[in-house]
1. Report yes if some residue within the stretch 50-62 is loosely packed, with under 12 Cβ neighbours inside 10 Å and either hydrophobic (A, V, I, L, M, F, W, C) or under 27 Å from ASN145 (Cα atoms) (or both); otherwise report no.
2. State the number of residues belonging to the stretch 104-133 that are at pLDDT 85 or above and not in a helix (DSSP H, G or I).
3. Across the stretch 100-119, what is the total count of residues that are touching a residue at least 40 places away in the same chain (Cβ under 8 Å) and out of contact with any helix residue (DSSP H, G or I) (no Cβ under 8 Å at 6 or more places or on another chain)?
4. Can GLU107 be described as within 19 Å of ALA128 (Cα to Cα) and either surrounded by 14 or more Cβ atoms within 10 Å (Cβ to Cβ) or acidic (Asp, Glu) (or both)?
5. Being touching an Asp or Glu at 6+ places or on another chain (Cβ under 9 Å) and polar (S, T, N, Q), is that true of even one residue in the stretch 90-109?
6. Among the listed residues GLU97, GLU85, identify the single one that is free of Cβ contacts under 8 Å to residues at least 40 places away in the same chain, surrounded by 12 or more Cβ atoms within 10 Å (Cβ to Cβ) and not assigned by TED's automatic domain parsing to the domain that holds ASP23.
7. Determine whether LEU66 is surrounded by 10 or more Cβ atoms within 10 Å (Cβ to Cβ), of a type outside the set (Asp, Glu) and assigned by TED's automatic domain parsing to the domain that holds GLU92.
8. Just name the residue that is farthest from ARG43 (Cα to Cα) out of those in the stretch 4-30 that are among the hydrophobic types (A, V, I, L, M, F, W, C) and touching a strand residue (DSSP E or B) at 6+ places or on another chain (Cβ under 7 Å).
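The values are calculated or read from the model by the stated rules, or taken from the named source; none is laboratory data. Predicted model, so just to flag it, every value in this text is computed and none were measured. We place every Cβ from the backbone using ideal geometry, glycine too, and count neighbours over all the protein chains shown.
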Amino acid sequence: MKCPYCGHLGDKVVDSRESKEGDAIRRRRECLECGRRFTSYERIDEIPYMVVKKDGRRERFDRQKLVGGLLKACEKRPVRVSALEAVADRIEAALQERPEREITTEEIGRQVMIELKQLDKVAFVRFASVYRNFRDIDEFTNELNELLRTRE
């Protein structure tokens with residue numbers, strides 16, 4: 001490991017710890033030349049998961065975009081951020097269990113709707129209105145009626 005201060009290639013590991021999430025190892029190192037300490041992180045290099053957009057473009061899966069959409073749907077609702085983080089965790093875990101490395105936005109949207117329907121009905125309707133892109137009030141009313149039928 002190259003020292004960030006003097007550029008020397010020799011160092012010794014002073015301390016190693018696993019991160020809280022268990023996905024990285026943090027190592028404190030000491031340069032054998034200048035004696036200064038620095039930190040390095042060791043992570044598994046994973047192949048990224050790609051999201052296939054409606055227009056066919058592909059982009060990397062972005063957890064923050066997912067959480068942002070959940071936050072927007074739950075704005076001014078009594079839903080804890082930790083509950084939304086848990087939803088994002090479940091969706092991301094399901095993505096990682098898939099053998100293929102691509103997923104469509106439609107599949108992600110369906111999973112989000114399933115989760116939101118259990119978490120908060122108003123947030124579900126908000127998300128569904130954007131995700132399903134209702135063309136008229138009848139489509140929106142049908143979705144609300146379906147939601148009311150499942151509640152009974």
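1. no
2. Initially, the stretch 104-133 is screened for residues at pLDDT 85 or above, giving 104-123, 127.
Right, trim to not in a helix (DSSP H, G or I) and you get 104, 120.
The number of residues fulfilling the criteria is 2.
3. In the first step, residues of the stretch 100-119 are kept if they are touching a residue at least 40 places away in the same chain (Cβ under 8 Å); the result is 101-106, 108, 112, 116, 119.
From what's left, out of contact with any helix residue (DSSP H, G or I) (no Cβ under 8 Å at 6 or more places or on another chain): 101-102, 104-106.
Here the count works out to 5.
4. Values: within 19 Å of ALA128 (Cα to Cα): yes; either surrounded by 14 or more Cβ atoms within 10 Å (Cβ to Cβ) or acidic (Asp, Glu) (or both): yes.
The answer is yes for GLU107.
5. yes
6. Details: GLU97 fails: surrounded by 12 or more Cβ atoms within 10 Å (Cβ to Cβ).
None of the others qualify; the one that does is GLU85.
7. Working: surrounded by 10 or more Cβ atoms within 10 Å (Cβ to Cβ): yes; of a type outside the set (Asp, Glu): yes; assigned by TED's automatic domain parsing to the domain that holds GLU92: yes.
Yes: the conditions hold for LEU66.
8. At the first step, the residues of the stretch 4-30 found to be among the hydrophobic types (A, V, I, L, M, F, W, C) are 6, 9, 13-14, 24-25.
With touching a strand residue (DSSP E or B) at 6+ places or on another chain (Cβ under 7 Å) added as a condition, the list becomes 6, 13-14, 24-25.
Details: CYS6: 24, VAL13: 16, VAL14: 18, ALA24: 5, ILE25: 7 Å.
The selected residue is CYS6.
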